[in-house]
Amino acid sequence: MIALASHPATAAFCAVLWGVMACLLPFVRLRWRHSVLWTLVFFGVPVLGWLTYLCGPGFGVLFLALGLSLLVWPPFETRRRRRHGAH
């Protein structure tokens, strides 16, 4: 178990899994979206620290920027807005 936790690919897999969950945020009902957003932040901070510890600060900053952009500008939200015609 310790060998799995010290492997950089495991940390990268968890970070990618977190990114997929963040991409699904626009599909959550509006009533629950705020709670899900804070849950993503709560679980994303340790994953980001783990990734930074194992892979270095370059990957940490890269995934921090990626995570922030996913939370601020969800990719499916803009597509849904364009389809419904709302600006």
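The values are calculated or read from the model by the stated rules, or taken from the named source; none is laboratory data. This is a predicted model, so every value here is computed, not measured. With ideal geometry, Cβ positions are generated from the backbone for all residues, glycine too; neighbour counts draw on all protein chains shown. Heads up: the accessible areas ignore ligands, DNA and RNA and are worked out on the full protein's heavy atoms, side chains in. Shrake-Rupley method; radii C 1.70, N 1.55, O 1.52, S 1.80 Å.
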(message) Against the condition exposed (fewer than 12 other Cβ atoms within 10 Å of the Cβ), part of a helix (DSSP H, G or I), out of contact with any Ser or Thr (no Cβ under 9 Å at 6 or more places or on another chain) and of a type in the set (Gly, Ala, Ser), how does residue 15 come out, does it pass?
(response) no
Cβ pairs under 6 Å, 6+ apart or interchain, first in the stretch 7-27 and closer than 16 Å to residue 49 by Cβ and of a type in the set (Phe, Trp, Tyr), second open to solvent by less than 60 Å² (accessible area, probe 1.4 Å) and in a helix (DSSP H, G or I), ordered by first then second residue, are 18/44; 18/47
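Just checking, which of 54, 25, 70, 37 is open to solvent by less than 80 Å² (accessible area, probe 1.4 Å) and in contact with a Cys (Cβ under 7 Å, 6 or more places away or on another chain)?
Working: 54 fails: in contact with a Cys (Cβ under 7 Å, 6 or more places away or on another chain); 25 fails: in contact with a Cys (Cβ under 7 Å, 6 or more places away or on another chain); 37 fails: in contact with a Cys (Cβ under 7 Å, 6 or more places away or on another chain).
From the options 54, 25, 70, 37, the qualifying one is 70.
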